[in-house]
1. In segment A:25-55, what residues are more than 25 Å from A:L218 (Cβ to Cβ) and more than 9 Å from chain B (Cβ to nearest Cβ)?
2. More than 14 Å from chain B (Cβ to nearest Cβ) and either farther than 30 Å from A:L218 by Cα or in a helix (DSSP H, G or I) (or both): does that describe A:I102?
3. From the list A:I158, A:I151, which one is under 20 Å from A:T11 (Cα atoms) and β-branched (V, I, T)?
4. So how many residues does segment A:39-67 have that are open to solvent by less than 20 Å² (accessible area, probe 1.4 Å) and either under 20 Å from B:I40 (Cα atoms) or in a strand (DSSP E or B) (or both)?
5. If A:N71 meets every condition in (1) under 15 Å from B:G66 (Cα atoms); (2) in contact with a helix residue (DSSP H, G or I) (Cβ under 6 Å, 6 or more places away or on another chain) apart from one, which number is that one?
6. Could you give every pair whose Cβ atoms fall below 9 Å, whose first residue belongs to segment B:21-36 and is of a type in the set (D, E), and whose second residue is assigned to a loop (DSSP other than H, G, I, E, B) and surrounded by fewer than 18 Cβ atoms within 10 Å (Cβ to Cβ), counting only separations of at least 6 or pairs across chains?
7. Collect the residues in segment B:17-66 that are more than 7 Å from every other protein chain (Cβ to nearest Cβ), surrounded by fewer than 18 Cβ atoms within 10 Å (Cβ to Cβ) and under 21 Å from A:L58 (Cα atoms), keeping them in residue-number order.
8. If A:G8 meets every condition in (1) among the small types (G, A, S); (2) within 22 Å of A:A229 (Cα to Cα); (3) touching a His at 6+ places or on another chain (Cβ under 9 Å) apart from one, which number is that one?
Amino acid sequence: MSNVLQIGDYTFRSRLIVGTGKYETHAMMREAIDASGTELVTVALRRVNLNNPDEPSLLDFIPENVRILPNTAGCYTVDEALTVARLARAAGIGTLVKLEIIGDKNLLWPDPIATLEATKILVREGFTVMVYTTPDPVLAKYLDQAGAHAIMPLGSPIGSGQGVLDVEAIHRFKHRVSVPVIVDAGIGSPQDACLAMESGADAVLINTAIAQAKNPVLMARAMKLAVEAGRLGFEAGRMPRLAQAAASSPTSGMMALGQ
Amino acid sequence: MRLIINGEPRVLPGTGNVKDMLDRLGVDHQTVAVMVNGEIVVRTNFETHPVRDNDTVEIVRFVGGG
């Protein structure tokens with residue numbers, strides 16, 4: 001088992017991917033990124049505010065050793081997502097893209113059909129495609145066949161903090177796809193991150209749970225430790241679950257007491 | 001010259017190419033991506049790609065996101 005996370009041609013030692021949205025300030029985001037130990041952060045692409053073109057650039061607050069993963073958040077069609085991905089590449093930060101095509105506005109649930117179609121096209125165009133998807137194992141197989149470089153099932157709806165609602169989905173994915181499985185969306189606390197990793201996820205992507213914590217920097221560190229603990233636990237292999245107790249102390253050689 | 005930039009009508013004087021347009025708007029070339037009439041303009045073509053009257057332009061940059 002390799003101890004690095006390999007996504008296409010990119011190698012990462014950290015298994016925690018961090019989102020850059022919803023921080024109160026750029027400075028706080030920078031501190032949280034440092035505390036998380038992440039080597040990959042997501043960003044979105046939006047219009048420049050022409051009334052304030054000198055706004056500080058988000059990129060100025062991302063440490064040098066941390067790679068940028070542009071997302072296609074906010075896209076509802078294949079064409080929109082393709083355009084955003086191509087624009088992000090034109091901005092000159094490499095081939096990585098987090099493909100996200102939404103099919104339901106309230107749940108921010110991925111559109112599986114559009115997502116599969118866009119994956120095929122982006123792979124053909126040479127992108128390193130990390131695909132946000134539903135926890136559907138059959139779709140995961142199709143995405144893998146389409147050449148996705150990482151498959152990212154949601155734990156629960158984006159920003160909901162509900163945790164990983166279907167842990168079995170991680171096992172199902174891991175048994176069926178050849179590329180990294182990254183739990184994206186829904187992680188609310190360190191225990192959620194740890195559970196995802198212990199269940200065999202290759203990485204987790206966390207934004208709101210860090211950015212909206214009372215103390216984002218402390219939470220970033222907690223998530224780093226949770227991801228590491230979960231990964232180690234997975235590699236160590238947990239004991240089997242038993243229906244009844246099994247004594248930890250010897251059952252023989254007990255002295256005569258209370259007689 | 002009249003342009004639609006990021007969804008809003010703008011009048012810019014003497015804008016011949018994408019680089020000129022960004023300069024007039026005070027936008028740093030290094031941190032943006034540009035689309036003219038739906039066509040993405042790669043950074044190395046900013047100085048050569050023309051911007052004409054009534055063109056529709058999108059100028060985007062990276063912001064925080066998940």
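1. Answer for segment A:25-55, where residues must be more than 25 Å from A:L218 (Cβ to Cβ) and more than 9 Å from chain B (Cβ to nearest Cβ): A:N51, A:N52.
2. On the way: more than 14 Å from chain B (Cβ to nearest Cβ): no; either farther than 30 Å from A:L218 by Cα or in a helix (DSSP H, G or I) (or both): yes.
Taking the combined requirement at face value, the residue does not satisfy it.
3. Values: A:I158 fails: under 20 Å from A:T11 (Cα atoms).
Among A:I158, A:I151, only A:I151 is under 20 Å from A:T11 (Cα atoms) and β-branched (V, I, T).
4. Quick first cut of segment A:39-67, residues open to solvent by less than 20 Å² (accessible area, probe 1.4 Å) only: A:40-45, A:48, A:57-58, A:62-63, A:66.
Keeping just the survivors that are either under 20 Å from B:I40 (Cα atoms) or in a strand (DSSP E or B) (or both) gives A:40-45, A:48.
So the answer is 7.
5. Unmet condition: (2).
6. Within 9 Å, the pairs are B:D28/A:P53; B:D28/A:D54; B:D28/A:S57.
7. Hits for segment B:17-66 are B:D23, B:D28, B:H29, B:Q30.
8. (2)
The values are calculated or read from the model by the stated rules, or taken from the named source; none is laboratory data. Please read all numbers here as calculations on a predicted model, not as lab measurements. Note that we place each Cβ from the backbone using ideal geometry, even for glycine, and neighbour counts take in every protein chain shown. Note: accessible area is taken over every heavy atom of the protein model, side chains too, but ligands, DNA and RNA are not part of it. Shrake-Rupley method; radii C 1.70, N 1.55, O 1.52, S 1.80 Å.
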